[in-house]
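Here's the structure, in structure tokens; my notes come after.
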Amino acid sequence: EAGDGAGLNDLTRAFLGDAAARSRLRFGAAEVASFEGHLLVGDHPLNASQRRAVARALESDVSLVQGPPGTGKTKTILNMVSCMLARGATVAVVANNGKAIDNVREQVEGWGPDSGAGPNQRRMNECYARLGRKDLRREWVRRHPDAPECLRFADCGWEPTVRAEVFLASYPFVTSTIHSLKKCFADGRSHQYDYVIMDEASQCSPLLGLIAMS
């Protein structure tokens, strides 16, 4: 909005050509030992390149993961989220359309208390909220009839009362389309998550990518 980029974070400023912001971006990798216990238990553990992807995502302001279909990108995303939540962080997994994040949603929703899933999977299930357009928020309210008023979304386009900080204190892991993420909370225009994971980024326009980065 402001010509000097006021209010934008360093990532969006860097994307728009701000050399000073670009110089402030942080790139690193977490030690595997620091997150090993937060990876998801399963029949197919992460391979070395997937572990590097998790390590870099945890300690970098921006990181890219590339792989053809069937190489475990969704599995890598889920392990990233598990490690991020273990750090006490808030995480939004977003995509250009709802179908792109259905794999994440279906797996997480399947890790209920009676599923036999491991403790890290169950933790993800307990703190997950499927958000986005207003009918999905309406469905979340229906499925959580005992939620306090401060977490109950209104049935409208841009949420007028529920604030991100309050909601994410109980449900720090959310999924949404990029188009709807900011509309989910009254302070959605200004709120920034600790981590945003953008699935199928190559299918998004630069403008949508900029919205996600913001």
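The values are calculated or read from the model by the stated rules, or taken from the named source; none is laboratory data. None of these values were measured; they are calculated from a predicted model. Note that each Cβ is placed from the backbone with ideal geometry, even for glycine, and that neighbours are counted across all protein chains shown. Accessible surface areas use protein heavy atoms only, side chains included; no ligands, DNA or RNA. Shrake-Rupley method; radii C 1.70, N 1.55, O 1.52, S 1.80 Å.
The radius of gyration of the Cα set in the chain, together with its Dmax, comes out at 17.2, 53 angstrom. Over 25 Å apart at the Cα level, from the set LYS99/LYS183; LYS75/LYS134; LYS99/LYS182; LYS73/LYS134, are LYS75/LYS134; LYS73/LYS134. Sorted on the mean count of surrounding Cβ atoms within 10 Å across their residues, most packed first, peptides 48-60, 106-118 read 48-60, 106-118.
Sort 144-150, 176-182 by the packing proxy (mean of other Cβ within 10 Å over each peptide's residues), most packed first. Intermediate results must be reported in sequence, preceding the final value.
Details: 144-150: 9.9, 176-182: 20.1.
So the order, starting with the most tightly packed, is 176-182, 144-150.
Would you work out if the stretch 93-214 is rounded, prolate or oblate? Take a ≥ b ≥ c from the square roots of the eigenvalues of the alpha-carbon gyration tensor; rounded if a/c is under 1.5, else prolate when a/b is larger than b/c, oblate otherwise. Oblate, since a/c reaches 1.5 and b/c is not below a/b. For trypsin sites (Lys or Arg not before Pro), the sites in the stretch 77-133 that DSSP calls loop and that have at most 16 other Cβ atoms within 10 Å are ARG87, ARG133.
In summary, the convex hull built on the alpha carbon positions of the stretch 42-120 has an orientation-averaged projected area of 6.0 nm².
Result for the chain in a Gaussian network model with C-alpha springs under 10 Å: among GLU200, GLU36, GLU165, the largest mean-square fluctuation is at GLU36. Each Lys and Arg Cβ is given +1 and each Asp and Glu Cβ -1; about its Cα centre, the stretch 1-154 then shows a dipole of about 200 debye. Run lengths n ≥ 4 of DSSP H only: what is the helix-derived mean residue ellipticity at 222 nm for the chain, with -39500 (n - 2.57) per run over all residues, to the nearest 500? The helix contribution divided over the chain gives -11000 deg cm²/dmol. Compared with the rule-of-thumb size 2.2 N^0.38 Å for a compact globular protein, the stretch 1-101 has a Cα radius of gyration ratio of 1.24.
Per residue, the chain exposes an accessible area of 54 Å² to a 1.4 Å probe, with every protein chain left in place.
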